[in-house]
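Peer 1: Quick one: this structure, given as structure tokens, is what I'll be asking you about.
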Amino acid sequence: MVCEKRVVDQVFPWLRVFKIDRSVDRSFTGPPELEFMVKPVPPHEDYIDGVATRDVTINSESGLSVRIYLPELNTDNNDMSKLPVILHFHGGGFCISQTDWYMYYAVYTRLAPEHLHENPLPAACDDGFNALLWLLSLFQKEATEPWLEAHANFGRIFLIGDSSGGNIVHEVAARAGKEVLDPLKLVGCIPIHPGFIRSKRSKSESELQHESPFLTLEMVDKFIGLALPQGSNKDHPITCPMGPNAPPLDGLNLPPFMFFWNEGVGHSFYLNKVGVDMDPHIGTQTDILFSAITDFIKRH
């Protein structure tokens, strides 16, 4: 007798949670014309459009992995200096998204839970901090990764993250401020549209007029509900670092943070490849954002 799995919770079009084993199906079920943005892009160590990529598993037990993007260096002008390291934490409401999705690949080439109840927050932040510690292990020769050893300036580490990845940026930076990571140096953080929320709707949430098919308030509520530890609400320190349950911000040892305002665009607008290519305003705002990020990195 075949028993069909029954869906007990879902965040359309991103994931479905099944009853018996609480397993999760993350197949995208949204508009077919947008599916290409969540398709994986295989790594390529040959330079394509000025970028080579490599996937590296940094923890074999947990399966934690990173994707490395290496820009093609201009050897004609003898520019062989080390490059800053930009450690990116992807968004997805702490529940979905992958480093190899086309939406992220498109951004970085442009720039040069199977069981949710077993793996709630702060697991995503633990992974982020472990990625930072992996960089330290490379410098200390406890691990090896040829591309980074050859090209990375471990004295200029930046954390960048979009949406819930912005929350991870803040949490990882706060943890790093309590540790001695020398000679690794965290010099700047760039949270883009971080998912900082409270139990009470904010003014921007209440006045939201145009929701993206990729993210609605209902999706946010569902994602956060699935990701937070049991018994917690949106005032949890990771989702509400400015709230009463979090450590006072003025007591944290944080590096410089970049905050930026984009006019007339939605959440994580620059990841929408269709919008960037077809809407002049979104394209312009994307250029402005990337220019600001580039300037911030150059200044730190």
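Peer 1: What is the total of Lys pairs in the stretch 40-267 with C-alpha atoms under 27 Å apart, excluding same-chain pairs fewer than 8 positions apart?
Peer 2: 11
Peer 1: Rg and Dmax of the stretch 211-280, Cα atoms, in Å?
Peer 2: 16.1, 45
Peer 1: Just want the answer: with Cβ charges of +1 for Lys and Arg and -1 for Asp and Glu, which residue in Pro247, Val274, Met258 is farthest toward the dipole's positive end in the stretch 176-289?
Peer 2: Pro247
Peer 1: Which of the GluC sites (Glu not before Pro) found in the stretch 170-206 are loop residues per DSSP with 15 or fewer other Cβ atoms within 10 Å of their Cβ?
Peer 2: Sites meeting the loop and neighbour criteria: Glu179.
Peer 1: Need one word for the stretch 1-73: rounded, prolate or oblate. Basis is the Cα gyration tensor (sqrt eigenvalues a ≥ b ≥ c); a/c below 1.5 gives rounded, then a/b vs b/c decides.
Peer 2: Oblate, because a/c is 1.5 or more while a/b does not exceed b/c.
Peer 1: What percent of all Cα-Cα pairs in the chain falls into each 10 Å bin, going from 0 up to the bin containing the maximum distance?
Peer 2: Over the chain, the share of Cα pairs per 10 Å bin runs 5, 25, 36, 24, 8, 1, 0 percent.
Peer 1: Hey, another quick one. Please name which of Gly63, Thr286, Ser232 has its Cα lying farthest along the dipole of the chain towards the positive end, using unit charges on Cβ (Lys, Arg +1; Asp, Glu -1) and the Cα centre as origin.
Peer 2: Comparing the listed Cα positions along the dipole, Ser232 ranks first.
Peer 1: Roll a 1.4 angstrom probe over the protein heavy atoms and tell me the percent of accessible area of the stretch 40-267 that is carbon or sulfur.
Peer 2: Ligands and nucleic acids excluded, carbon and sulfur give 51 percent.
Peer 1: So which trypsin sites (Lys or Arg not before Pro) in the stretch 181-283 are both in a DSSP loop and have at most 16 other Cβ atoms within 10 Å of their Cβ?
Peer 2: Qualifying residues, ordered by number: Lys185, Arg198, Lys200, Arg201.
Peer 1: Nearest-5 percent of antiparallel DSSP beta bridges in the chain?
Peer 2: If we restrict to bridges inside the chain, about 55 percent are antiparallel.
Peer 1: Determine the shape class of the stretch 159-300: with a ≥ b ≥ c the square roots of the Cα gyration tensor eigenvalues, call it rounded for a/c under 1.5, and otherwise prolate if a/b is greater than b/c, oblate otherwise.
Peer 2: Note, shape of the stretch 159-300 comes out oblate.
Peer 1: Summing +1 for each Lys or Arg and -1 for each Asp or Glu, what net charge is found among the other residues whose Cβ lies under 13 Å from the Cβ of Gln140?
Peer 2: Summing Lys and Arg as +1 and Asp and Glu as -1 gives -3.
Peer 1: Excluding Leu121 itself, calculate the net charge of residues whose Cβ lies under 12 Å from the Cβ of Leu121, where each Lys or Arg counts +1 and each Asp or Glu counts -1.
Peer 2: Once positives and negatives cancel, what remains is -2.
Peer 1: Here's another thing I want to ask about it. How large is the helix-only mean residue ellipticity at 222 nm for the chain, computed as the sum of -39500 (n - 2.57) over DSSP H runs with n ≥ 4, divided by its residue count, in deg cm²/dmol to the nearest 500?
Peer 2: -8500 deg cm²/dmol
Peer 1: Given a 1.4 Å probe, how much area per residue of the chain is accessible, in Å²?
Peer 2: 54
Peer 1: Place a +1 charge on the Cβ of each Lys and Arg in the chain and a -1 charge on the Cβ of each Asp and Glu, then give the dipole magnitude about the Cα centre in debye, rounded to the nearest 20.
Peer 2: Dipole of the chain, to the nearest 20 debye: 720 debye.
The values are calculated or read from the model by the stated rules, or taken from the named source; none is laboratory data. Since the structure is predicted, the reported quantities are computational estimates derived from the model, not experimental observations. No Cβ is skipped: glycine too gets one built from the backbone with ideal geometry, and neighbour counts run over all protein chains shown. For accessibility, only protein heavy atoms count, side chains too; no ligands or nucleic acids. Shrake-Rupley method; radii C 1.70, N 1.55, O 1.52, S 1.80 Å.
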